[in-house]
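Student: Before we start, here is the structure in question, set down as structure tokens.
The values are calculated or read from the model by the stated rules, or taken from the named source; none is laboratory data. Source: prediction; values computed, not measured. Here Cβ is always computed from backbone atoms with ideal geometry, including for glycine, and neighbour counts include all displayed protein chains. These accessible areas exclude ligands, DNA and RNA; they are computed on the full protein's heavy atoms, side chains included. Shrake-Rupley method; radii C 1.70, N 1.55, O 1.52, S 1.80 Å.
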Amino acid sequence: MSFGMNFQDLSEIEQKLVVLAFGVDTLAGGDALHESGTQHFIIDTWTSGMTPPPIYYDTIAANLRQGGGAVEFNNKNAIKEYIDNYRLHQLCDEIRMQIKQLDVGRRPEVLTLVRALEIVLRTLDDNTESPGYDEKYNAVTGLTEVKIVDPAPFRKTLKEAVSRVGFEVGNDWDLREATLAWEKERGHIGSNNQHDSEKINGAVVQQEFNKTIQKLLEIARERLFSQLDFGIPGYQPDLADVSFDGFEFKPISNVSFTGSSIYRGQGTDRPLLQGLLEYNTDHPLTAAEIVHLAAHEAMIGHYLNSAVSDLLWRSGRLPFESTMGTMCTSSAVFQEGWAENALDIIYGSREETLKGVERDFGISGADMEVDLAQADLQNVAKHNVSILHQRDSMPIDDVRIYLRDECIMPDHLVKKLSGAWAQDPIIGPMYGPAYFIGTKIVRDGLAKAGAKRVAEVGLQTTGRLANVVTFQEQIYR
């Protein structure tokens, strides 16, 4: 597959898919070509090297991106003109009608992608009936029923974990206080130990993060890649000759988000496999948390998965749509589950993860258990907050109380999760479920099929893209 191919080189159905995706992305306020992932939205990655179609360069499109998308753009007539000129609604039906032009293995991914894009389009177009909460949720998860996840079992796991590290919940403190006390005692990477007004040295975090991802890659090569045949011409079967050194960690601060990860790819004759994580140091990390973050965002989470997909596409093993990574779709649900389970995939199981992290990083397995229990509760919170607020009409002040008391979230996550995660009509129902649902699906796959099979399907070496549905179809075949 040629890097930098022309739009006209795509088949008719592929061209329609690209136009639809760029149109919806622009209406949502995204800019797929921006150098920072903070400006990306529905099209999260665009790695083919192809110049986008004319719809990206449309004057209305430029104004929409600059104005924050359809929700904030005040020229409703221009929005209607943009949608009508590029026939965005009609493209959804035409792609479905022409789906038999594609190989059978490609059809499920394209159909689920089109459905999600259509739901976002209808949400943003004031001239159509907006989809309901359940329809949005179903479009990305494939689940017919929307259910609140009970956080109680996850609180129990966290309580047991903090008790094992010496912070017994009782008369002295409740679970939230005990967890915060554990975090304070362990300290944060890059901290000057000014606990009341803690300032984090971003350069120290960057150094520790980079050291961690290199170690994780070494472990993954030894324990996992050595068992795999990626089947990419020109490279060794286990990709031992690929350095995967294109990932950049950039510390930032004074922003409203925790972090933004983007895969850029790049490179013509030689793939550069470039990726970027912009991380907000106002959300400080313990040593255990930085291992979890490095595994999720880089090795073998989002960055490495995207880099392998890039190599597979360039060799003709994956279809064009693999170069257009998307948010708020069934693909994103799987990818978050893959990234959340990255450590267990590398080490083979949760038990081996806890022993391995202690051996390889000097972090006690008990501390790692606390971090992973916190992460599971945060995934429950991300799943539940928009259901409570948007579907069940819970006031935001009550959502904040729920996050603190039921999900044991610290203040900075209470603020974050009661914002767009709870209130945004796209992020809430179409991205919020990704972490909990995706994590459960991949975790079930690990238990039933093992890490090697999960890696084969999850890294997409089978030649089929993995989303929340196709992953399950493939792994148990």
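Student: Got a number for residues in the stretch 437-459 being open to solvent by less than 10 Å² (accessible area, probe 1.4 Å) and either farther than 25 Å from E351 by Cβ or assigned to a loop (DSSP other than H, G, I, E, B) (or both)?
Tutor: Within the stretch 437-459, residues that are open to solvent by less than 10 Å² (accessible area, probe 1.4 Å) and either farther than 25 Å from E351 by Cβ or assigned to a loop (DSSP other than H, G, I, E, B) (or both) number 1.
Student: Let me ask something else about it. Can you find a residue in the stretch 88-108 that is open to solvent by 40 Å² or more (accessible area, probe 1.4 Å), of a type in the set (A, V, I, L, M, F, W, C) and closer than 18 Å to S322 by Cβ?
Tutor: Yes, the stretch 88-108 contains at least one residue that is open to solvent by 40 Å² or more (accessible area, probe 1.4 Å), of a type in the set (A, V, I, L, M, F, W, C) and closer than 18 Å to S322 by Cβ.
Student: Additional query: Which residues, counting only those in the stretch 213-233, are farther than 23 Å from H292 by Cβ and either in a helix (DSSP H, G or I) or open to solvent by 80 Å² or more (accessible area, probe 1.4 Å) (or both)?
Tutor: S226, Q227, D229, P233
Student: Residues that are over 17 Å from G132 (Cβ atoms) and open to solvent by 10 Å² or more (accessible area, probe 1.4 Å), at least 3 per element: which helices (runs of 4 or more DSSP H) completely within the stretch 363-436 meet that?
Tutor: Ranges flagged: 365-386, 396-405, 411-417.
Student: Could you tell me whether V380 is more than 24 Å from I290 (Cα to Cα) and of a type in the set (A, V, I, L, M, F, W, C)?
Tutor: In short, no.
Student: Please go through the stretch 307-332 and give me each residue that is in a helix (DSSP H, G or I) and within 20 Å of L17 (Cα to Cα), ordered by number.
Tutor: Residues satisfying the conditions are S309, D310, W313, R314, F320, E321, S322, T323, S330, S331, A332.
Student: Something else about it: If you scan the stretch 333-353, which residues turn out to be surrounded by fewer than 21 Cβ atoms within 10 Å (Cβ to Cβ) and either assigned to a helix (DSSP H, G or I) or among the charged types (D, E, K, R) (or both)?
Tutor: Answer for the stretch 333-353, where residues must be surrounded by fewer than 21 Cβ atoms within 10 Å (Cβ to Cβ) and either assigned to a helix (DSSP H, G or I) or among the charged types (D, E, K, R) (or both): R350, E351, E352.
Here's the yes/no breakdown for (1) of a type in the set (S, T, Y); (2) at pLDDT below 95; (3) surrounded by 15 or more Cβ atoms within 10 Å (Cβ to Cβ); (4) on the phi > 0 side of the Ramachandran plot:
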position	(1), (2), (3), (4)
F3	no, yes, yes, no
N6	no, yes, no, no
E12	no, no, no, no
V19	no, no, yes, no
D31	no, no, yes, no
D44	no, no, yes, no
T47	yes, no, yes, no
P54	no, no, no, no
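Student: Moving on to the next point. Farther than 16 Å from S330 by Cα, modelled with pLDDT of 95 or more, of a type in the set (S, T, N, Q) and open to solvent by 50 Å² or more (accessible area, probe 1.4 Å): is that true of T157 in this structure?
Tutor: Taking the combined requirement at face value, the residue satisfies it.
Student: Can you spot a residue in the stretch 66-74 that is surrounded by 19 or more Cβ atoms within 10 Å (Cβ to Cβ), among the aromatic types (F, W, Y) and touching a residue at least 24 places away in the same chain (Cβ under 8 Å)?
Tutor: No, every residue in the stretch 66-74 fails to be surrounded by 19 or more Cβ atoms within 10 Å (Cβ to Cβ), among the aromatic types (F, W, Y) and touching a residue at least 24 places away in the same chain (Cβ under 8 Å).
Student: Next up: For the stretch 116-148, how many residues are open to solvent by 20 Å² or more (accessible area, probe 1.4 Å) and outside any helix (DSSP H, G or I)?
Tutor: Residues that pass the stated criteria total 12.
Student: Pairs under 6 Å by beta carbon, first residue free of Cβ contacts under 8 Å to residues at least 24 places away in the same chain in the stretch 331-353, partner open to solvent by less than 40 Å² (accessible area, probe 1.4 Å), six or more apart or different chains?
Tutor: R350/D344; T353/L343; T353/D344; T353/Y347
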